[in-house]
Amino acid sequence: MLTKKGKYGLKALVHLAGRPPGEATLVTDIAVSNEIPKKFLDTILGELRNAGLVNSKKGKGGGYTLAKPAHEIKVGHIVRVLDGPLAPIQCASVTSYRRCEDCPDEKHCSVRLIMLEARNAIADVLDRRSLAEMRALADSGSPRVA
């Protein structure tokens, strides 16, 4: 499940994706526009900066900008930066795999197999879609139907 940190981070990045390239946006503006607590957003944007997804500039004309074009930023990468692995359980994770202590036969474990399927379905969508596509969805107000 997406945490509030992940949700707020996605909302903040979608906000930045709607700004003209290179135009800095104040954290207060992002927070107010998206109903995100400013202090929490400061922390989230710090993590996104450390991950190379946003740039920050202090002083007059300062604020946050995307570090690269929105079409190059994948939603799955954002979610992993803020919330960690996509898999519901560790034995189904690609990036943080760890075998379950109580599993005698991982190859035939029905729980693991269904969780792998769920993880792969989520990753298929999130790793294929970009921040620019999320922005377009916000602008259209309509989800894409497969």
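The values are calculated or read from the model by the stated rules, or taken from the named source; none is laboratory data. Computed from a prediction, not measured in an experiment: that's the story for all the values here. Ideal geometry is used to build each Cβ from the backbone, glycine not excepted, and the neighbour counts take in all protein chains shown.
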Have a look at ALA17, ALA51, ALA31, ALA24 and point out the one that is more than 10 Å from LEU66 (Cα to Cα) and touching a Lys or Arg at 6+ places or on another chain (Cβ under 6 Å). ALA31
Note on region 90-126: residues under 28 Å from LEU41 (Cα atoms), buried (at least 16 other Cβ atoms within 10 Å of the Cβ) and modelled with pLDDT under 90 are SER93
Restrict the check to region 15-29 and report whether at least one residue is within 28 Å of ILE122 (Cα to Cα) and among the β-branched types (Val, Ile, Thr). no
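Any residue at all in region 46-57 that is part of a helix (DSSP H, G or I), touching a residue at least 24 places away in the same chain (Cβ under 8 Å) and out of contact with any Cys (no Cβ under 9 Å at 6 or more places or on another chain)? It would help to see each step written out before you state the result.
The initial filter retains those residues of region 46-57 that are part of a helix (DSSP H, G or I), namely 46-50.
If we keep only those that are touching a residue at least 24 places away in the same chain (Cβ under 8 Å) too, we end up with 47-48.
Imposing the further condition that a residue be out of contact with any Cys (no Cβ under 9 Å at 6 or more places or on another chain) reduces the set to 47-48.
Yes, region 46-57 has at least one match.
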Hits in region 65-84 (condition: under 12 Å from the mean Cα position of the chain (by Cα), touching a residue at least 24 places away in the same chain (Cβ under 8 Å) and in a loop (DSSP other than H, G, I, E, B)): ILE73
Residues within region 24-39 that are in a loop (DSSP other than H, G, I, E, B) and surrounded by 11 or more Cβ atoms within 10 Å (Cβ to Cβ), tallied: 4
Go over the candidates VAL94, VAL125, VAL111 one by one and state the one that is under 19 Å from HIS71 (Cα atoms), outside the structural domain of ALA17 (by TED's automatic domain parsing) and not polar (S, T, N, Q). VAL125
Please go through region 113-141 and give me each residue that is closer than 18 Å to ASP83 by Cβ and part of a helix (DSSP H, G or I), ordered by number. MET115, ALA118, ARG119, ASN120, ALA121, ILE122, ALA123, ASP124, VAL125, LEU126, LEU131, MET134
Identify the single condition in (1) closer than 21 Å to GLY9 by Cβ; (2) over 12 Å from the mean Cα position of the chain (by Cα); (3) in the same structural domain as VAL14 (by TED's automatic domain parsing) that GLY61 does not satisfy, given that it satisfies every other one. (1)
